[in-house]
Each structure stands twice: as C-alpha cells, then as structure tokens.
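Some notes on the structure that comes next.
Read-outs: derived from the displayed coordinates by stated rules, not from any lab. No experiment lies behind these values; they were computed from the predicted model shown. As a convention, Cβ positions derive from the backbone with ideal geometry for all residues, glycine included, and neighbour counts pool all protein chains shown.
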C-alpha cells in the first residue's frame, strides 16, 4: 500500500500494523483497466445536481482544522454513519453489468476498498496517481483533488436486495445469504417514485467538507467499476440536515426548521447498539456490526410552503421555527408534552417521536439538495433523507405512522432505495468480505 500503510493507517498493535501492510496491495487488473477506459462512466457520475460552484466556495471557506481532518477507513463499523456529519454529499447507486460473475463482484469490492482507504486519507487512488505514471496512458487518478486535504471524507458501501437475486436469478451464488429483511421497501401513501432515481445493486455514500473531494471519490470509484458495474443514478447534497455529535449545532432544512434535534448521537452507545448496529445474535451472522441504510429523495414544494403563514408552519411541524422548541414549551431539547393540545394531533414531531412509536429510533444523516429549476420554473429541491437502522422494519413502521402527517401536503417522495451496510473492513481485507466466507 506504499504511503497508505506507512502514513495513513493507524493500527493498535504490531499485528495490526503488519495486517495493514498486507493485501490488497493495489488495484486489480480489472480495476486498472477501468481507470484507463472508464471515462464515460466517470462523467455520468458528476452529471446530477446543480449549484456545485457555490458549494465549492463554501467548502473551501471552512476552517483549516476541519479540512485537514481524516477519518480512518478500517474499523469495526464503516465510517460515515456515526462520523460527525460533514457539509457535502455525493451519493451513487450502481448496477452490476450483465454477464459478470462472483469473482467480478469480489474484486470490485476489493478494488473499491483499496481506493477508498487511500482517498479517505487524502491520497490518490493508486501510488502513481494523477501525474506519476506513464504519460502516454490515461492516469489512474482524475486529479481534481490534487493538493486538497482529506476534508473529512468518508466512503460507505452498501449492498442492495437485487444484488443477491434479481430477474436473472442468483448471479453471484449469494441468494441464500440475503438478510430476510433486505427487500425493496413497500409502497407508502403519497409515493411518486421515479425508477430512474431509485434502487440499485450497490451504493456508495461519499461525505466530505469539500464538495470537490466527495465528487472526486465517486468519479474515481465509478471509473474503477468500469466493465463490472455501471452508475444507475447519483445525487449531490449540501447542508447537513441532522447532527451525530453533541458539539454540532442542529442544522436547518430547506423549510427553514431545525432538523434532527432528537437524533441518535455517536456517544450514545446504548442507543446505537439497540437501534443502529446489527447484533451478533441477529441473522445473518455476517451482518454483525453492520446496519441498514434507507435513502429517500423527498421533493419539497418550496414555493407553496413559502406562502404559508408562520403560525401554520409551526403547527405543521410542531416546533417553533426560530428556536426549535416544541410548541408545548421549553427549549429546543425539551421533551415534547403530547398530553395537551399545544402540539397538533398530526404534527410531524408528534407522529415521528419515539414516545408515540413504541420507542422506535433511527439515526439520520440527511442533506439538502437543489437540482436547479423544473419545467415550471420552480425549484427542484428538497431533502435527500438517509437513515441507518438495525432493522428496516424500524423505518417502515415510522413511515407508515407519518401517513397522516400535515407536512405531506408540501412534500413528495420521488426516489427510494435500501441497502445492507456491512461491518467495517479489517486492515488487509475488504468491505463485505464476510458475505463470501
């Protein structure tokens, strides 16, 4: 791994140091071929989303200490779940190519792991990188992140239901290993899903404090996948809509309300074990230490919302727009009192609150998005909702509970997907290795 094993991987023992320097030692021949031939796929990966120029300026304005931050790729859990939520997202879903086999899938996950473990430390995808190789062949790395720090980059990989079995059958000999709860989400009231921005055999969540770093990650991982997987859809996000650490201020969504006040935080290990991480006693055993990711693209009817009077907005959400406090009183973090009439029966905060849902909790990592204007000249904007949970049934129960949410008049669910998120990779191994043991 050259620079990676020497400078980037932090090991806790001599044995881990040795493991960190062991295979994978570089990209496979298929991965290197993808870098040479995958320009078309890479260009598609950055084609979704608007407003990147302004986002770049915002990302560059962040404090130097944040920009230099690097999160370890290897570990018990994948980074990008409880990691402090960054400012920018590039999410991508992929489908495996026809006629690929089990070895293609394994080598792809190995190649992605190797490249991700380098990029999250601020390195290029390979030792030769963007300018260190043969000048007469395409470079391994696209180079737009040259000179940029790691910027808090995390890369999280997921496996979709269709990877285990689809209309072509059990393509990779893993159908019997599919988690029973890993299946496409049921239809919910108000869904208007676009199949072109839903589902996928695989997913990658790249989060960073500089949007160019996040885009660089997806662009290069798309190139590496050339010939084995193709990009199905992708989404850029900005301005986190939740927090995962107590020192992060609660951010606001595009409706102007604080979002994620009651989110599960990284230091709440009991809540994480109960609601986010798959336990060793859960089935299948290879998912222990992992989680399940639900992604929902939620379009917001911005212009309609902006014409609603402030008091009505507060009633719809169930919180004060200014300070984020529940309408029953107190500060932002006061427990809502649902015993009286201060909070409407169909307010969002009432319907979503754990006390009204048998204690169900999920960990949210959503982002705002703006994709320019639609054909009517209105903002194509909304919330790219991401949640992690120990069992997909947690999300399904909450979403069904929200069927009478007053906020539904101002939103549309237009994209959807679910993926199994394996545990973190050990140094010298790769994400998803337990699936093939």
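Quick notes on this structure:
- Note on residue 403/residue 36: beta-carbon distance plugged into 1/(1 + (r/R0)^6) with R0 of 51 Å gives a FRET efficiency of 0.55.
- Label-to-label distance for residue 135 and residue 102 is 4.6 nm, based on points extended 7 Å past Cα in the beta-carbon direction.
- In terms of its C-alpha gyration tensor, the stretch 133-190 comes out prolate, because a/c is 1.5 or above and the ratio a/b outweighs b/c.
- Principal axis box of the stretch 202-335, alpha-carbon based, largest edge first, Å: 54, 40, 25
- Distance histogram in 20 Å bins (all Cα pairs of the chain, percent per bin): 26, 58, 15, 0
- Full-extension gain in nm, residue 306 to residue 345, via 0.36 nm per residue minus C-alpha separation: 11.8 nm
- Each residue, residue 29 and residue 412, gets one label point 7 Å from its Cα in the Cβ direction; the gap between the two is 5.0 nm.
- Over the stretch 299-344: Rg over Rh, Cα atoms, Kirkwood Rh: 1.03
- Calculated SAXS-style log₁₀ I(q)/I(0) at q = 0.15 Å⁻¹ - the stretch 102-171, Debye, Cα scatterers: -0.65
- Per-residue ellipticity at 222 nm from helix content only, as computed over the chain with -39500 (n - 2.57) for each DSSP H run of at least four residues, stands at -6500 deg cm²/dmol.
- Label-point separation, residue 436 to residue 323 (7 Å along Cα→Cβ), nm: 5.6 nm
- Rounded to 10°, Cα long-axis angle of helix 211-224 versus longest principal axis of the chain: 50 degrees
- Among 126, 162, 246, residue whose mean-square fluctuation peaks in a GNM of the chain (springs only between Cα atoms under 10 Å): 246
- Computed from Cα positions, the angle between helix 102-119 and the longest principal axis of the chain comes to roughly 80 degrees.
- For peptides 303-313, 367-377, 320-330, sequence by mean Cβ density within 10 Å, most packed first: 320-330, 367-377, 303-313
- Rg(Cα)/(2.2 N^0.38 Å) for the stretch 71-212, N = residue count: 1.21
- Peptides 354-361, 76-83 ranked from most to least packed by the mean count of surrounding Cβ atoms within 10 Å: 76-83, 354-361.
- The order of the peptides 187-195, 140-148 by mean Cβ neighbours within 10 Å, most packed first, is 140-148, 187-195.
- Extent along the principal axes, Cα only, for the stretch 308-437: 56, 43, 26 Å, with the longest axis given first.
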